[in-house]
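Colleague: Below you'll find the structure I mean.
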Amino acid sequence: MIGRRTAAAAGTLALVIGAVRLPADPAVLMAGPIAAGLAVAVLLAVRSASPRLVPAVVIAAGAASIAVTVLMRTAVGTGAEPGAVTGLWILLEPALFLALVYVPVRWSPPGVAAAAASAAGAASALVVQRFLPGDPFWADLAASALWLVPSLGAAALAWYLRWTAAERERAALEARREQRLRLAGELHDFVAHDVSEIVARAQAGRMVLAVGDPKMAKLLEQIETAGVRALGSMDRTVHMLRDEAGARSPVGGLDDIDELARRFAESGRTEVVVDRRLSADVGRENGAVAYRAVVEALTNVRRHAPAARSVAIELTDADGWLRVSVADDGPGEPRSGPRSSAGLGLPGMAERAASLGGTAEAGPRRPHGWLVTVRLPLPDDDMHGVTT
């Protein structure tokens, strides 16, 4: 800020000294350069603090320069050969207007930037009209068009720099958004799964280890309660991070489901059976959605059916469709109504399936328990492969 204000003061002082020591002939020719110079000085001094002032200052300087041109054409007269000092003032004016074109295009809102830059560009292009000796209209127009070229170059440079800065900002915002989505995916698909495993082990401990030991039972109950509370807090965090429902980088596939089932079975007393009957390559995207569906279903078994004794996972393909089902035998009704987690359960599962042209359904099964079914279309060009 101090550097810009110092430059503004120095420029203003130079204009004043130049006007006194090296005046133009006629003196009215100094009005345009002085107006443009003062405008540049104002922009240097207050641009960052008062951005709305930029268009007003630029338009005022352009209007002053155009007024001088009109005065020269109508009252003073044109066609006189300027001297060396006067020529310096003539060249200084369009040079200053280059800055007055650049600044609003670079930093002002689009609408006012166009108005301000047009005023400055028009003033610069019309300077030459003060000295033309009454040539035909098309010759005068061509001369002003030639003087307009530097202003167009300044505007193009400012627009390009503004566009590249906006692209960098958009790229940074997109990177942050993707990072939030990946973090939300990791929390939802893995951390929540591991915390629910802790809850399941505490529940199993209460049934096996704490029989006849009130202190142990109380301790395990507190661990279970803390785990459930942590899951709730994590769900709220995921909901905030996940600013939009959309695809995240795949974190698992069909080949990871067996390991997932093994870990789930080891964390409690629930037996998990994986029945894999696949004759075709289901594709990477289908595999990722199927894996997420199984993660969601197993997590909800821990939350809502901790007493379930068995879970059956079926992976089959028929008639061009991949079918993934997860069925548990949990007794009674779900403890918390529909099985979901922070809006990322069945709705999120159905949305991911729908993005690939499939469906996802969940509901109670007879005689008891819960069934989750996901159907995904197989890729036409991969029907000949075999999934391991």
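The values are calculated or read from the model by the stated rules, or taken from the named source; none is laboratory data. Values in this document were obtained by computation on a predicted structure and should not be read as measured data. Reconstructed Cβ throughout: ideal geometry from the backbone, glycine too, with neighbour counts over all protein chains shown. Only protein heavy atoms, including side chains, enter the accessible area calculation; ligands, DNA and RNA are left aside. Shrake-Rupley method; radii C 1.70, N 1.55, O 1.52, S 1.80 Å.
Colleague: Kindly evaluate Val112 against the criterion of being assigned to a helix (DSSP H, G or I), crowded, with 21+ Cβ neighbours inside 10 Å and within 39 Å of the chain's Cα centre (by Cα). Break it down into steps so the answer makes sense when it comes.
Modeller: Numbers: assigned to a helix (DSSP H, G or I): yes; crowded, with 21+ Cβ neighbours inside 10 Å: no; within 39 Å of the chain's Cα centre (by Cα): yes.
When the stated conditions are applied, Val112 does not pass them.
Colleague: Let me ask something additional. Can you confirm whether Ala312 is out of contact with any Gly (no Cβ under 7 Å at 6 or more places or on another chain), assigned to a helix (DSSP H, G or I) and either of a type in the set (Asp, Glu) or within 29 Å of Leu378 (Cα to Cα) (or both)? First the steps, then the outcome.
Modeller: Working: out of contact with any Gly (no Cβ under 7 Å at 6 or more places or on another chain): yes; assigned to a helix (DSSP H, G or I): no; either of a type in the set (Asp, Glu) or within 29 Å of Leu378 (Cα to Cα) (or both): yes.
The answer is no for Ala312.
Colleague: In the stretch 43-59, which residue that is modelled with pLDDT under 70 and over 12 Å from Ala99 (Cβ atoms) is least open to solvent (accessible area, probe 1.4 Å)? Lay out the reasoning, then the answer.
Modeller: Within the stretch 43-59, the subset modelled with pLDDT under 70 is 47-51.
Subset that is over 12 Å from Ala99 (Cβ atoms): 48-51.
Numbers: Ser48: 68, Ala49: 74, Ser50: 49, Pro51: 79 Å².
Across the stretch 43-59, the extreme among qualifying residues is Ser50.
Colleague: Give me the residue from the stretch 1-42 that is within 22 Å of Leu53 (Cβ to Cβ) and among the charged types (D, E, K, R) and, out of that set, surrounded by the fewest Cβ atoms within 10 Å (Cβ to Cβ).
Modeller: Arg5
Colleague: Show the residue pairs meeting these rules: Cβ distance below 8 Å; 6+ apart or different chains; first residue within the stretch 123-147 and without any contact (Cβ under 8 Å) to a residue 24 or more places away in the chain; second residue in a loop (DSSP other than H, G, I, E, B).
Modeller: Listed pairs, sorted by first residue: Ala139/Leu132; Asp140/Leu132; Ala143/Leu132; Ala143/Asp135.
Colleague: Here's something else I'd like to know. Can Ser336 be described as open to solvent by 40 Å² or more (accessible area, probe 1.4 Å), assigned to a loop (DSSP other than H, G, I, E, B) and modelled with pLDDT of 85 or more? Talk me through it step by step, then tell me what you get.
Modeller: On the way: open to solvent by 40 Å² or more (accessible area, probe 1.4 Å): yes; assigned to a loop (DSSP other than H, G, I, E, B): yes; modelled with pLDDT of 85 or more: no.
Against the criterion (open to solvent by 40 Å² or more (accessible area, probe 1.4 Å), assigned to a loop (DSSP other than H, G, I, E, B) and modelled with pLDDT of 85 or more), Ser336 does not qualify.
Colleague: Restricting to the stretch 263-277, name every residue that is open to solvent by 50 Å² or more (accessible area, probe 1.4 Å) and assigned to a strand (DSSP E or B).
Modeller: Residues of the stretch 263-277 that are open to solvent by 50 Å² or more (accessible area, probe 1.4 Å), as a first pass: 263, 266, 269, 271, 273, 275-277.
Scanning the stretch 263-277 gives Glu271, Val273, Asp275, Arg276, Arg277.
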